[in-house]
Amino acid sequence: MINGVIIGGCSGVGKSTIIRRLLKAHPEFRFSVSWTTRQPRPGEEEGVHYHFTTAEEFERLIEEKYFLEWEKVYQDYYGTPREVLESDGDEIIIVIFELDTRGAINLKEKYPQFTTIALLPPSIEDLRKRMAHRGSETEETINSRQAYLQKELQRLLTFDFALINENLDETVSRAERIILSLNNRTKFIAPHIEKLLDALK
Ligand code: 5GP
């Protein structure tokens with residue numbers, strides 16, 4: 001059984017850092033490795049952070065309906081492969097998706113049982129600083145990303161949970177508590193209830 005957790009938020013808000021920390025603490029979580037046509041940043045590994053590919057290959061995969069959802073974010077393609085939802089048996093598998101806000105909303109529409117968690121910057125100033133610190137983006141990219149920001153913030157209002165990323169440790173631990181508590185939803189416990197009912201027969 002898949003317990004899907006979609007972590008969304010503006011670019012530069014710290015999604016990747018928080019997810020990295022969550023995955024380190026919980027190797028049992030499955031991370032949905034997206035496909036992208038953007039260039040790898042220093043330190044990013046093929047198959048770990050993303051599957052890096054060309055626009056031609058990506059478009060072929062769209063045709064083949066390989067993706068659960070895909071988006072053109074800024075000037076590059078990003079997509080979530082279908083196979084990440086493969087599971088058998090009653091074991092609960094927590095799958096973490098790191099998506100832009102449009103992708104998060106699209107995926108949630110397809111799978112309403114998935115949970116959306118929004119990550120918010122403490123302030124716009126803070127977000128700008130983080131984007132500038134990343135250093136891998138040009139002035140032009142940063143400006144185009146900021147134009148997109150307003151829309152992203154409005155979309156985040158529809159998410160199930162929202163965390164203000166003021167203090168990294170605190171945000172990771174809040175996210176962790178939300179994610180783990182989701183495993184207690186009755187639908188995940190239903191097989192156990194069925195067993196109890198069988199025992200009564
Ligand atoms: P970045 O280039 O900074 O890694 O990612 C740019 C944006 O695309 C981020 O908001 C990231 O969360 C989002 N993103 C990464 N993978 C996917 C995906 O598979 N689908 C969608 N819709 N967005 C993605």
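A short reminder: the numbers here are calculations on the coordinates, not readings from a lab. Computed from a prediction, not measured in an experiment: that's the story for all the values here. When we count neighbours, we look across all protein chains shown, and the Cβ atoms used for this are built from the backbone with ideal geometry, even at glycine.
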Take Ala147, project a point 7 Å from its Cα along the Cβ direction, then tell me which residues of the stretch 60-80 have their backbone nitrogen under 12 Å from it. 74-75
Cα-based equivalent ellipsoid, the stretch 152-201: semi-axes from gyration tensor eigenvalues, Å: 35, 15, 4
About the Cα centre, charge dipole magnitude for the stretch 42-120 (Lys/Arg +1, Asp/Glu -1 at Cβ), debye: 440
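Within the stretch 22-74, which GluC sites (Glu not before Pro) sit in a loop by DSSP and count at most 16 neighbouring Cβ atoms inside 10 Å? Intermediate results must be reported in sequence, preceding the final value.
On the way: sites: Glu28, Glu44, Glu45, Glu46, Glu56, Glu57, Glu59, Glu63, Glu64, Glu69, Glu71; in loops: Glu28, Glu44, Glu45, Glu64.
Passing sites in the stretch 22-74 are Glu28, Glu44, Glu45, Glu64.
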Amide H of Gly4: which non-local residues (sequence gap of 5 or more, or other chain) have their own amide H closer than 5 Å, using H built in the peptide plane? Val95, Thr115
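Taking other Cβ within 10 Å of each residue's Cβ, how do Ile164, Ile6, Ile117 sort, fewest first?
Values: Ile164 15, Ile6 27, Ile117 23.
Taking fewest neighbouring Cβ atoms as first place, the list is Ile164, Ile117, Ile6.
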Check: C-alpha center the stretch 164-192 vs C-alpha center the stretch 27-67, spacing in Å is 26
Amide H to amide H, which residues 5 or more places from Tyr77 or on other chains are under 5 Å from it, using H placed in the peptide plane? Thr37, Arg38
Against the longest principal axis of the chain, how steep is helix 15-25, in degrees 0 to 90 to the nearest 10, with axes from Cα atoms? 40
For the residue pair Asp90 and Ile193, what label-to-label distance in nm results when each label sits 7 Å from Cα along the Cα-to-beta-carbon direction? 1.4
Which percent of Cα pairs goes in each bin when the distances of the stretch 1-153 are cut into 5 angstrom slices starting at zero? 2, 8, 17, 22, 22, 17, 9, 3, 1, 0
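As a footprinting exposure proxy, order Thr53, Thr158 by other Cβ within 10 Å, with the fewest listed first.
Values: Thr53 17, Thr158 13.
With the fewest neighbours first, Thr53, Thr158 line up as Thr158, Thr53.
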Long-range amide H partners of His51, meaning residues 5 or more apart or on another chain whose placed amide H is closer than 5 Å, are Ser34, Trp35, Thr36
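For the stretch 52-126, what is the Kirkwood estimate of the hydrodynamic radius, computed as the reciprocal of the mean inverse distance between distinct Cα atoms, to one decimal in Å? Kindly include the intermediate steps, with their values, before the conclusion.
On the way: mean 1/r = 0.0696 Å⁻¹.
The answer is 14.4 Å.
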Nearest 0.05, what FRET efficiency do Leu168 and Tyr74 give at R0 = 35 Å with Cβ-Cβ as r? 0.90
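Run the dipole for the chain about the Cα centre, Lys and Arg Cβ at +1, Asp and Glu Cβ at -1, nothing else charged, and hand back the magnitude in debye, nearest 20.
Values: 27 positive and 33 negative charges, 124 e Å.
Dipole about the Cα centre, nearest 20: 600 debye.
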